[in-house]
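Here the structure comes first, spelled out in structure tokens, and everything after it is commentary.
Each reported figure results from applying straightforward, stated rules to the coordinates on display, with no laboratory input. What you see is a predicted model; the values in this text were computed from it and never measured. All Cβ positions, even for glycine, are placed from backbone atoms using ideal geometry, and neighbour counts span all protein chains on display.
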Amino acid sequence: MADGGAMLQVNNIEVRYHQVILVLKGVSLKVPAGGIVALLGANGAGKSTTLKAISGLLKHEDGQITDGSIEFMGQRIDRKSAEEIAAMGIIQVLEGRRVFEHLTVEENLRVGAHHGDGRRLSERLELVYHYFPHLRTIRNRVAGFCSGGEQQMLAIGRALMTNPRLLLLDEPSLGLAPLIVREIMEIITRLNREQGIAVLLVEQNAKLALEIAQHAYVLENGRVVMEGPAAALRDNPDIREFYLGLTEMGARKRFREAKWYKRRKRWLT
Amino acid sequence: METFLQLVLTGIMVGSIYALVALGWVLIYKCSGVLNLAMGELTLIGAYVSLTFYTWGLPFPLALLATLIIGAILGILTERIFLRRLIGEPVLTIIMVTVGLSFFFRGLIELIWGTDTRVFHPPVFPYEPVRLGPVVIGQVYLWSFIAALALLGILAAFFRYTRWGLAMQAMADDEMAAMSLGISPKFVYAAAWAIAFMAAGVGGSLLGNINGVNISVGYLGLLVLPAVVLGGLNSIPGAIVGGIIIGVLQNLAGGYLDRFTPGGVKEIFPFVVMTLMLLIKPYGLFGWVRIERV
């Protein structure tokens with residue numbers, strides 16, 4: 001492998017939608033084998049686009065990687081189709097859960113095992129139920145009627161059915177109660193530790209993301225503006241203020257005093 | 001009363017054939033969003049193909065099987081040649097292409113088989129009718145009904161229990177999510193067209209046994225449109241129920257109203273129902289109302 005054991009390596013990619021709209025202006029990042037890497041940023045920074053560029057789903061939205069390259073386990077994947085990329089073990093869990101609403105929970109999981117060995121289906125199912133015991137109790141429920149937390153578990157479980165090597169998680173905490181978010185983050189950590197699945201995590205909830213990730217990147221306007229070990233970013237004053245909502249003293253800052261817009265500008269130049 | 005029962009029963013049996021064809025239509029619509037106006041011609045092709053095999057001396061069940069195989073091949077070819085490059089194009093473009101396809105197929109059929117009415121000869125099903133209580137039913141209706149039900153059952157099991165069936169349902173539900181799991185949309189579209197061609201083929205062959213084979217089988221195939229509007233464009237159970245209801249209504253209209261007119265009520269009536277349905281309940285009986293979580 002080219003670069004010190006990086007499983008996934010995104011090299012300076014540029015992404016355009018409809019051949020005109022430039023969304024990513026040179027994004028580079030690395031995910032080491034067995035690591036958890038967080039990708040932070042505000043709305044519209046290009047986080048989801050980055051994930052879709054990696055998973056190949058971009059082409060489906062008339063997006064295109066116009067420059068740069070993506071390598072996975074030493075192989076170029078930026079010209080491959082979404083199916084080929086998924087077959088290599090990169091699975092994206094889409095933002096907003098996107099379960100198959102008219103199928104039952106277990107049918108949803110079985111769709112995840114579409115390409116797998118049919119004889120090992122029950123084995124995979126057991127694994128998913130081991131990590132998400134609650135899914136077993138609602139296995140025959142129609143997915144559209146499940147709660148948000150259940151659907152998020154189902155979305156991750158469904159991805160787990162494919163036997164992935166790298167999970168691209170797009171905002172797994174979106175719209176969920178804090179307790180459930182905690183639970184899901186714990187399961188992600190366990191999956192990473194016990195199954196050796198690498199994770200690239202996109203999150204608005206920077207506090208949580210920086211807790212479970214080892215390394216993090218901050219994306220703004222289609223560029224990586226900051227990167228470093230999660231612990232270092234946690235202590236970075238800008239991150240603390242803009243993403244964690246804390247001042248240097250650890251106290252909440254009043255909105256009036258923030259003037260965050262001016263300071264934020266500094267990153268863009 | 002006996003006439004009524006008679007009409008309803010034959011209606012259900014013919015309707016089951018419409019249900020089969022309608023299911024094929026719904027499948028294409030659900031999986032790929034293509035509103036296919038060439039369904040009548042698919043039915044017609046099936047009728048002629050099975051007729052050809054039958055006149056070559058193949059027993060009818062084998063002729064039907066051969067029709068299924070040819071249907072699958074034609075379905076995959078049609079998808080590959082005409083529709084794949086249209087993925088992501090506006091709906092109207094795709095509809096116009098299916099209109100074009102319907103003329104293309106019709107021309108092809110006339111080129112190969114001519115325009116004369118042909119019949120299955122010797123007749124596949126015996127002429128002696130069967131008595132069911134007070135009602136007398138032609139054997140051809142009964143067997144068509146059984147064949148249509150069997151195929152519907154097989155398709156239902158395919159969707160529920162096989163990974164390919166599940167993948168197709170998943171794709172119909174959320175295309176992007178299905179792709180994120182590595183399911184290929186090309187495979188699903190091709191499978192949808194193959195199954196639609198197969199279902200329409202069997203439907204056409206059964207209809208051909210009832211009425212003889214000529215271009216009018218194509219018009220019967222077009223009855224899927226009222227059937228699917230009635231049942232809901234994206235509902236498989238809706239297609240089946242819609243097909244059967246259309247069969248019954250059509251028969252009743254023919255039986256009771258035809259005497260007041262110079263004829264043709266049978267042909268128009270399903271489309272009158274369709275228009276009314278569109279005014280009253282445009283999503284059909286079973287069309288998707290998005291599941292809302294409480």
Using Cα pairs closer than 8 Å and at least 6 residues apart in sequence, work out the relative contact order for chain B, in percent. 37
Residues in segment B:131-168 that a label on residue A:140 would reach, taking backbone N under 19 Å of a point 7 Å out along Cα→Cβ: B:157, B:160-162
Provide the gained length on full extension for the span residue A:119 to residue A:76, in nm with one decimal, where the gain is 0.36 nm per separating residue minus the Cα-Cα distance. 12.3 nm
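How much of the DSSP bridge set in the protein assembly as shown is antiparallel, in percent, rounded to the nearest 5?
Once the DSSP bridges in the protein assembly as shown are tallied, antiparallel ones form about 60 percent.
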Could you give the size of the charge dipole of segment B:2-280 about its Cα centre, using +1 on the Cβ of each K and R and -1 on the Cβ of each D and E, expressed in debye and rounded to the nearest 20? 300
Along the charge dipole of chain B, pointing to its positive end and built from +1/-1 on Cβ of Lys, Arg, Asp and Glu, which listed residue (B:202, B:263, B:287) has its Cα farthest out? B:287
Kindly flag which residue pairs out of A:52/B:281; A:52/B:30; A:47/B:30; A:25/B:30 have an alpha-carbon separation exceeding 27 Å in this structure. A:52/B:281; A:47/B:30; A:25/B:30
Given Cβ point charges of +1 (Lys, Arg) and -1 (Asp, Glu) and nothing else, what value in debye, to the nearest 20, does the dipole of chain A about its Cα centre take? 720
Segment A:130-196 - convex hull of alpha carbons, volume per residue in Å³: 90
I need to check one value: relative contact order of chain A, counting alpha carbon pairs closer than 8 Å and at least 6 residues apart, in percent. 24
How large are Rg and Dmax for segment B:2-280 when only the alpha carbon atoms are used, in Å? 18.4, 59
Paramagnetic reach from residue B:125 in segment B:13-48 [backbone N under 20 Å; point 7 Å along Cα→Cβ]: B:13-23, B:43-48
Inter-centroid distance (Cα atoms) of segment A:140-206 relative to segment B:55-102, Å: 41
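Which values, in whole Å and largest first, are the semi-axes of the equivalent ellipsoid of the protein assembly as shown obtained as the square root of 5 times each eigenvalue of the Cα gyration tensor? Could the numbers behind the result be given before it?
Working: eigenvalues 624, 106, 94 Å².
Values for the protein assembly as shown, descending: 56, 23, 22 Å.
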Would you mind getting me the FRET efficiency between residue B:116 and residue A:12? Use the beta-carbon distance for r and R0 = 56 Å, nearest 0.05. 0.25
With point charges of +1 on the Cβ of Lys and Arg and -1 on the Cβ of Asp and Glu, referenced to the Cα centre of segment B:2-280, which listed residue (B:78, B:253, B:228) lies farthest in the positive direction of the dipole? B:78
Which of B:183, B:215, B:70 ends up with the largest GNM mean-square fluctuation for chain B, with Cα atoms connected below 10 Å? B:183
Any helix of chain B counts here only if DSSP assigns it H throughout, its Cα atoms span 20 Å or more along the axis, and its mean Kyte-Doolittle hydropathy is at least -0.5, and such helices are B:2-32, B:39-55, B:60-78, B:91-113, B:139-161, B:185-211, B:236-257, B:265-280
Over segment B:118-166, what relative contact order in percent results from Cα pairs under 8 Å that are six or more residues apart? 20
So which helices of chain A fit the span-like rule, where a helix is a whole DSSP H run, its Cα atoms reach 24 Å or more along the axis, and its mean Kyte-Doolittle is at least -0.5? A:178-195
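Grab the other residues whose beta carbon is less than 14 angstrom from that of residue B:112, score K and R as +1, D and E as -1, and report the net. Present the calculation step by step, with values, prior to reporting the outcome.
On the way: positive: B:106, B:118; negative: B:41, B:110, B:116.
Local charge sum for residue B:112: -1.
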From a point 7 Å beyond the Cα of residue B:268 in the direction of its Cβ, which residues of segment B:231-254 have a backbone N at a distance under 14 Å? B:253-254
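Please report, in cubic angstrom per residue, the volume enclosed by the convex hull of the alpha-carbon atoms of chain A. Present the calculation step by step, with values, prior to reporting the outcome.
On the way: hull volume 37.3 nm³, N = 269.
Taking the convex hull of the Cα positions in chain A, it is 139 Å³ per residue.
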With runs of 4+ DSSP H residues as the only contributors, calculate the mean residue ellipticity of the protein assembly as shown at 222 nm using -39,500 (n - 2.57) per run, divided by the residue total and rounded to the nearest 500. -17500 deg cm²/dmol
